[in-house]
């Protein structure tokens, strides 16, 4: 089977690997790099659990060819702890009880991180719109929205000091 | 190599000619799903997502939207603010992840009858700019889509851009979408309406209804008959009833044909009313 060299930038690190033709970024992350924080589910960009950030924009890794990610900065949930907004979200999701089974959470946090980078003071409707591409079967979303709003408040308070 | 990144639409055309059976990919939001469902081995990909000329929005007397412009870029483009229907249609496509990748061109070439941007572009009398081995050719959007999932695009042709003349003062465009939820939903019915008013009466009317047949529903005779008419509720009710009559909706998992037909009657009138309001505001500026 044909394989081709691929160079990716993931969470600030350069990674050289060999990819199969048509291999998606999600497959590279989970199968080749064992970075299983990004989840796999519908593989059709309907559920959003595979969300990663590409140059700060949230995208579904299940549809992106790994080769399309070359030359761009990919950030996964594993990389968000290095970032104050990511840390604030991780803390508020736990504090607000937004995590039940946990499967949607990496996608939710990646999407929320992109939302807050763009809009540090989102209203609840804006939060819902920003997270509309990630589905949760457990929580009914309320505490997830609470957690994003709480992170925004925490960051504003920290910034004001 | 099984993947080639084109730096221009013309280069994509050359790559398609060189690699028989190659498929164009931009955001991948339609083609990757289709390929997975078909279960076929991956084709050679010609990636136009970053083709320079295809990612620009050119403003002026003619507005040109590159085929690789994403829905998210349309949503956020300040220059298109005079035509809020474009951003409104772009914004209801999928969720943020899909809009960050999915492109205007991909959506047009995918030619779903429920596509959201296409009806708006049709009311603006847009043309598709197609790159071919022999140069570029221009096809009116109404003639570009020939059926469900079908366009006039030839095997070695690539959509380069969508173009339309900036509408004259006194123009309003409205877009409405009906669905069971406000995101991640394919339209049950969508409607785009454009009115240009002159001295209070209609000088140009365009109406496009999606998801009620294999192609977007147009009625050029109805549009012509509106010239000189008053933009009032009675006029709009008549147009809406006529379009509801002409619609050929299907029963499917999302809605019944009967409900869709009912929606056409409601939404066409509502979209025309909003277009008239915007046309009056546009004139007042």
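Derivation of every value follows stated rules applied to the coordinates shown; laboratory data play no part. Predicted model only: the values in this text are computed from it and were never measured. All Cβ positions, even for glycine, are placed from backbone atoms using ideal geometry, and neighbour counts span all protein chains on display.
First check a/c for the range B:46-125, with a ≥ b ≥ c the square roots of the eigenvalues of its C-alpha gyration tensor; if it is under 1.5, answer rounded, and if not, answer prolate when a/b is larger than b/c or oblate otherwise. It comes out rounded by the Cα gyration axes. Fewest-first ordering of B:50, B:75, B:157 by other beta carbons within 10 Å of each residue's beta carbon gives B:50, B:75, B:157.
Could you work out [θ]222 nm for chain B from helices alone, using -39500 (n - 2.57) per DSSP H run of at least four and dividing by all its residues? Round to the nearest 500 deg cm²/dmol. Intermediate values should be presented prior to the final figure.
Working: 11 runs with 104 residues, N = 285.
Computed mean residue ellipticity for chain B: -10500 deg cm²/dmol.
Against the main long axis of the alpha-carbon atoms of chain A, helix A:105-118 sits at an angle near 70°.
To one decimal place, what orientation-averaged projected area in nm² is obtained for the convex hull of the Cα set of chain B?
Values: hull surface 58.4 nm².
The directionally averaged projection comes out at 14.6 nm².
For chain A, the longest principal axis of the C-alpha atoms and the axis of helix A:84-95 are separated by about 60°. With neighbours defined as other Cβ atoms within 10 Å of a residue's Cβ, the residues A:128, A:7 order from fewest to most as A:7, A:128. Rounded, prolate or oblate: pick one for the range B:1-52, where a ≥ b ≥ c are the square roots of the eigenvalues of its C-alpha gyration tensor, a/c under 1.5 means rounded, and failing that, prolate if a/b is larger than b/c, else oblate. Oblate shape, in that a/c is at least 1.5 and b/c is the bigger or equal ratio. Going by Cα centres, the range A:49-98 and the range B:155-175 are how many Å apart? Computed from Cα coordinates, the inter-centre distance equals 34 Å.
Here the protein assembly as shown carries DSSP beta bridges of which approximately 85% are antiparallel, counting only pairs with both residues inside. Rounded to the nearest 0.05, the FRET efficiency derived from the C-beta distance between residue B:50 and residue B:234 at R0 = 41 Å is 0.20. Once you treat every alpha carbon in the protein assembly as shown as an equal point and sum by Debye, what is log10 I(q)/I(0) at q = 0.08, 0.11 Å⁻¹? Ignoring solvent entirely, the Cα scatterers give -0.49, -0.91. With all projection directions averaged, the alpha carbon convex hull of the range B:234-277 covers 3.1 nm². To the nearest ten degrees, helix B:233-246 and the longest principal axis of the Cα atoms of chain B are 50 degrees apart. Stretching the chain fully between residue B:40 and residue B:139 yields a gain of 32.5 nm (0.36 nm per residue, less the alpha carbon separation). Tell me whether the range B:128-201 comes out rounded, prolate or oblate; compute the Cα gyration tensor, take square roots of the eigenvalues as a ≥ b ≥ c, and use a/c under 1.5 as the rounded threshold. Taking the square roots of the gyration eigenvalues as a ≥ b ≥ c, the range B:128-201 is oblate.
Each listed q (0.11, 0.17, 0.18 Å⁻¹) maps to a log10 I(q)/I(0) for the range B:1-107 from the Debye sum over equal C-alpha point scatterers, namely -0.38, -0.81, -0.89.
Residues B:46, B:120, arranged from fewest to most other Cβ atoms within 10 angstrom of their Cβ, appear as B:46, B:120.
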